[in-house]
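Down below is the structure, laid out as structure tokens.
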Amino acid sequence: MNSFDIELVSVSKSFAGIPVVQDLNLQIPRGEFVSILGPSGCGKTTTLNMIAGFNTPSAGDVRVRGKSQNRIPPERRNLGLVFQNYALFPHMTVAENVGFGLRMRGTPKAEIGEAVDAALRSVRLDGFGSRYPKALSGGQQQRVALARAIAPRPSVLLLDEPLSNLDLKLREAMRVELKEIQEQLDMTFVYVTHDQEEAMAMSDRIVVMWQGAIAQQGEPGSIYRNPATRFVADFVGRSNILSVRRSIPGSEYFELCIDGTQIVLRSDCAGNSAVQSCCIRPESISLLNVSDAGTGPQNRLDGVVRRIVNLGAHVELLVEVANGLSLTVLVPSSRSSLVPELASTVTLGIDPQDVQVLSD
Amino acid sequence: MNRVLTCLFWLAIALVLTFITLPLAVVVAASLSPSSAVTFLPWEWTTVWYGDLLADRWLQPFLLSVKIATVVAGISGVLGVLAAYAVVYERIPGSTAIMAGLLSPLSVPQIVKGVAIVLFLSIIGLQSVLGTPALIAAHVVLALPFVTRMAATSLANFDGNLDRAAQSLGATKRQRLQHIVLPMIKPGVLSGVTFAFIISFNNIPLSVFLVRPGDTTLPIAVINYLEYSLDPVMAAVNVASMIFILAVIFLFEKIGGFSAQLHGGSK
């Protein structure tokens, strides 16, 4: 008996000859909150639908708790599903919606009542049982949908962009709540989203998908700090992506010659001579004072401030460090004394450990 | 300027409503006239003519019409839902052709259809079904496109995610049809069934070929009566059947017709 709730083994899916998911291998351990993150059209919803059983893989095997699901229809997979548009049954009360799954299984009435109350309590909607979905706000409706999905105690909960229809404040509050509910129920959550902040905030693990395949998977922090490919660096968070002309292994550092300039950046990432690009997060670049000379970070670049954008918590600077090459730099607003004037010359410092080499 | 437009707008609405309701008002007024000639705006009122409605001459055709219309509404309701289910929900092969075939009776004039049915029945030697069985069959053909169309539209507007949600909650196909699909399309189907009832109840062009002498539906009885006399009894019959139709519409509305469709059950 292995401890994976869901396994995808070499799963592929094509629609009318066009491949949407290609040779996907994924293992989701029991009790984990896993996000499948990617831009629209990357195959993430198709992957979810294959787990749920609404799409049949063209090749490969979907397993739930070690059992192949390929011949099992969705209604017998015992997976909960939450939709972006809530999909509540409008002709039923909240309690009837939440009790639906158990009712279809022929669970005794008294037991259904208890399960409904417990599910509504866990989404903090006790006392809403007799209302109709239309009388609820969007956030409340989504919580009813969540309660409906967890009431029959599924082995896994699949969520398809469940927060996308809510406004920003509510979305942020629901992130915390979803994570709490997941931990409290100790249930495996598979969460599909295109919103990288959402994925970062809740997940134990993020699976970044692109063009029907997994681009990278790992803990949110490690994906952010060590993006493996150009696509991941670009899609997850903001980054300066620089093309590398040549990389030379040095004694302590790799030296990366930046394409089209005389700039050489040192990186302590284990790269190789085939490295084609590298990435630097805007917040890891610091502004140096003249007095810092000789100390501090290893990479120093002089540049001219070309644009200043105030983002509230941060100030974003666009600094031209060479002809045709500008770096985006984020400076916390609390240190506004550090923010230079437009068109002034500044010195940027970049720690070699913040220069990530990327593969394509 | 704006006020002038607003005035014109309400004037237009008033004219349209008058145009629709005035003939009905004339019939109502005529049915209350004390003189046996039909007059509009009589100066005295009486309800004596309504007493005649309970005579067999009117009661029998009325009961026959109600019986036929009820059976027609039931049969075309069931058939229409089944057809829409196969075509829209299951998307069986040839859906478009099947739908076109089901809607085709709309394109044939009823008189032509009536003649065709009589000729057909006599060719295959089945004149014996003339009367109630033939009336029911012919009315179903006539009403079916309306019910099918309404049911198909409701099904097409049905959010597939509701079905998927129910499925993920363990509902089998039969359970999903019973608990999700049918309740969701009920308002549309009831509207279609209401139309079927009214179409059958009011029909003249088809029925006139298919009734048996001495055993007619209400509209045919009215036509026969009109050939010899035009009097307030006539008007009273029409007013009564008008009220009956309104009552039927109201009843279906109560069960969950149009207004439920508009308000989505969040009563």
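The values are calculated or read from the model by the stated rules, or taken from the named source; none is laboratory data. These numbers were taken from a predicted model, which means no experiment stands behind them. In this analysis, Cβ positions are derived from the backbone assuming ideal geometry, glycine residues included, and neighbour counts consider all displayed protein chains.
Report those strands (runs of 3 or more DSSP E) wholly inside segment A:144-242 carrying at least 2 residues which are surrounded by 18 or more Cβ atoms within 10 Å (Cβ to Cβ) and away from chain B (no Cβ under 14 Å).
Counting at least 2 such residues, we get A:188-193, A:205-210, A:213-218.
Looking only at segment A:1-24, which residues are among the aliphatic types (A, V, I, L, M) and in a strand (DSSP E or B)?
A:Ile6, A:Leu8, A:Val9, A:Val11, A:Ile18, A:Val20, A:Val21, A:Leu24
Looking at the structure I just gave you, is A:Leu348 touching a residue at least 60 places away in the same chain (Cβ under 8 Å) and in a strand (DSSP E or B)?
It is true that A:Leu348 is touching a residue at least 60 places away in the same chain (Cβ under 8 Å) and in a strand (DSSP E or B).
Right, A:Arg124: within 13 Å of chain B (Cβ to nearest Cβ) and either within 20 Å of A:Asp5 (Cβ to Cβ) or within 28 Å of the chain's Cα centre (by Cα) (or both) or not?
No.
So how many residues does segment A:55-112 have that are over 25 Å from A:Arg30 (Cα atoms), without any contact (Cβ under 8 Å) to a residue 60 or more places away in the chain, assigned to a loop (DSSP other than H, G, I, E, B) and not hydroxyl-bearing (Ser, Thr, Tyr)?
Going through segment A:55-112 one residue at a time, the tally reaches 7.
Looking at (1) at pLDDT 90 or above; (2) outside any strand (DSSP E or B), which one does A:Ser273 not meet, given that it meets all the others?
(1)
Please count how many residues of segment A:131-142 are more than 12 Å from every other protein chain (Cβ to nearest Cβ), out of contact with any Pro (no Cβ under 7 Å at 6 or more places or on another chain) and in contact (Cβ under 8 Å) with a residue 24 or more places away in the chain.
Going through segment A:131-142 one residue at a time, the tally reaches 2.
Quick check on segment A:46-54. Is at least one of its residues part of a loop (DSSP other than H, G, I, E, B) and either at negative phi or in contact (Cβ under 8 Å) with a residue 12 or more places away in the chain (or both)?
Within segment A:46-54 (the criterion being part of a loop (DSSP other than H, G, I, E, B) and either at negative phi or in contact (Cβ under 8 Å) with a residue 12 or more places away in the chain (or both)), the answer is yes, since at least one residue qualifies.
Among what's in segment A:71-103 and is hydrophobic (A, V, I, L, M, F, W, C), more than 9 Å from chain B (Cβ to nearest Cβ) and buried (at least 24 other Cβ atoms within 10 Å of the Cβ), pick the residue that is farthest from A:Phe189 (Cα to Cα).
Of all residues in segment A:71-103, those hydrophobic (A, V, I, L, M, F, W, C) come to A:72, A:79, A:81-83, A:87-89, A:92, A:94-95, A:98, A:100, A:102.
From what is left, the residues that are more than 9 Å from chain B (Cβ to nearest Cβ) are A:72, A:94-95, A:98.
Right, trim to buried (at least 24 other Cβ atoms within 10 Å of the Cβ) and you get A:94, A:98.
Values: A:Val94: 23, A:Val98: 19 Å.
By that ranking, first place goes to A:Val94.
Select, from B:Leu162, B:Leu121, B:Leu142, the only residue that is farther than 25 Å from B:Phe252 by Cα, in contact (Cβ under 8 Å) with a residue 12 or more places away in the chain, away from every other protein chain (no Cβ under 14 Å) and aliphatic (A, V, I, L, M).
Residue meeting the stated conditions: B:Leu121.
Does B:Arg149 satisfy the condition of being more than 8 Å from every other protein chain (Cβ to nearest Cβ), out of contact with any Pro (no Cβ under 6 Å at 6 or more places or on another chain), touching a residue at least 40 places away in the same chain (Cβ under 8 Å) and part of a helix (DSSP H, G or I)?
Yes, satisfied.
Note down all Cβ pairs under 7 Å where the first residue falls in segment B:239-256 and is in contact (Cβ under 8 Å) with a residue 60 or more places away in the chain, the second is assigned to a helix (DSSP H, G or I) and not aliphatic (A, V, I, L, M), and they're at least six residues apart or on different chains.
Going by the 7 Å Cβ cut-off, the qualifying pairs are B:Val239/B:Ser31; B:Phe252/B:Thr194; B:Gly256/B:Lys186; B:Gly256/B:Pro187.
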